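> Got a structure for you, questions after.
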């Protein structure tokens with residue numbers, strides 16, 4: 001084995017972690033046949049079977065289990081090498097990947113990034129919108145806007161603010177159905193919500209009603225709210241930008257949403273990373289302060 005093919009070992013490690021070819025492919029941003037082919041190449045190269053197939057997915061052999069910690073360490077070192085090379089480069093980063101949730105990336109970040117790009121015309125930004133937590137440790141993003149505090153020691157971040165989430169309805173819905181003044185009246189209205197979110201809102205759960213429209217995507221929930229489907233929750237500053245949205249039970253705050261801006265410690269002193277962290281952080285802080 002004269003040469004190390006990093007792609008083969010990355011596919012091996014991803015398959016071990018995911019327990020399936022499809023899961024490994026999703027993690028690597030490639031296709032299932034590609035992962036399967038690369039694992040087969042690796043098995044042929046080392047002359048060992050690495051996985052057995054079962055109904056539940058891939059089961060690592062004893063040999064694979066012994067190799068996995070070494071492969072994982074090797075891949076982590078490769079990521080570290082890439083980060084350090086980037087942070088030490090004389091030619092500072094001009095392309096950045098920022099990850100954020102669907103609703104934040106759609107409704108909050110665009111004006112903030114527009115102002116940043118006006119002042120940094122040579123910078124290119126890739127905006128990755130997902131409600132999953134992108135792995136900065138594996139260089140899937142340079143900067144992340146998150147709604148939970150980072151827990152990994154290798155990450156650096158700061159909390160830039162919090163926004164309240166309140167109930168709203170479109171004025172067309174209110175004209176047709178009226179405004180509820182308490183939770184008893186609210187229970188007789190159509191509710192727009194995600195069942196997963198609703199489980200974390202005890203006052204709304206206590207109403208004992210299922211959402212008239214159950215949507216797992218926050219952008220879809222906002223679209224339904226704007227269309228007058230029913231009563232739903234929304235970040236206060238977003239609702240303030242929509243004059244047709246009417247507050248419902250305005251003193252009731254079902255939840256609050258924190259905003260964190262996060263990067264890898266090795267990248268925090270890269271010029272453009274530092275600049276975008278500062279600019280986006282200030283923009284998000286101003287966004288959060290609008291709800292005060």
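> Need the C-alpha centroid separation for segment 1-63 versus segment 111-131, integer Å.
36 Å
> Then there's this: Mind ranking 43-52, 8-17 by how tightly packed they are, going by the mean number of other C-beta atoms within 10 angstrom, highest first?
Going by the mean number of other Cβ atoms within 10 Å, highest first, we get 8-17, 43-52.
> Hey, another quick one. If I take every Cα pair under 8 Å that is 6 or more residues apart in the chain, average their sequence separation and divide by the length, what percent do I get for the relative contact order?
It rounds to 22 percent for the chain.
> Can I ask one more? At a 10 angstrom cut-off on C-beta neighbours, averaged per residue, how do the peptides 95-105, 183-193 rank from highest to lowest?
Descending mean neighbour count gives 95-105, 183-193.
> For segment 6-88, what relative contact order do you get, as a whole percent, if you take Cα pairs closer than 8 Å and at least 6 residues apart?
Relative contact order here is 28 percent.
> When ranked by the protection proxy of mean other Cβ atoms within 10 Å per residue, highest first, what sequence do the peptides 257-269, 120-132 form? Present the calculation step by step, with values, prior to reporting the outcome.
Numbers: 257-269: 19.5, 120-132: 13.0.
Sorting 257-269, 120-132 by mean packing, highest first, produces 257-269, 120-132.
> Return the Cα extents of segment 6-88 along principal axes one, two and three, sorted largest first, each rounded to a whole Å.
Principal axes ranked by extent give 46, 24, 20 Å for the Cα atoms.
> Per residue, how much space in cubic angstrom lies within the convex hull of the C-alpha atoms of the chain?
About 165 Å³ per residue, rounded to a whole number.
> Of all DSSP beta bridges located in the chain, what percent are antiparallel, nearest 5?
Looking only at bridges with both residues in the chain, the antiparallel portion is about 70 percent.
> How many nm is it between the label spots at residue 242 and residue 152, if each spot is 7 Å from the Cα in line with the beta carbon?
3.4 nm
> Could you estimate the translational diffusion coefficient of segment 184-292 from the Stokes-Einstein equation, with Rh from the Kirkwood formula over C-alpha pairs, at 10 °C and 1.306 mPa s, in whole µm²/s?
On the way: Rh = 16.2 Å.
Diffusion coefficient, whole number: 98 µm²/s.
> Same structure, new question: 7 Å from Cα along Cα→Cβ at both residue 6 and residue 227: what's the point-to-point distance in nm?
Computed distance between label sites residue 6 and residue 227 equals 4.5 nm.
> In degrees between 0 and 90, to the nearest 10, how far off the longest principal axis of the chain does helix 109-119 point, with axes built from Cα atoms?
70 degrees
Where a number appears in this text, it was derived from the coordinates with a stated rule and is not lab data. Nothing here was measured: the structure is a model prediction, and the numbers come from that model. We place every Cβ from the backbone using ideal geometry, glycine too, and count neighbours over all the protein chains shown.
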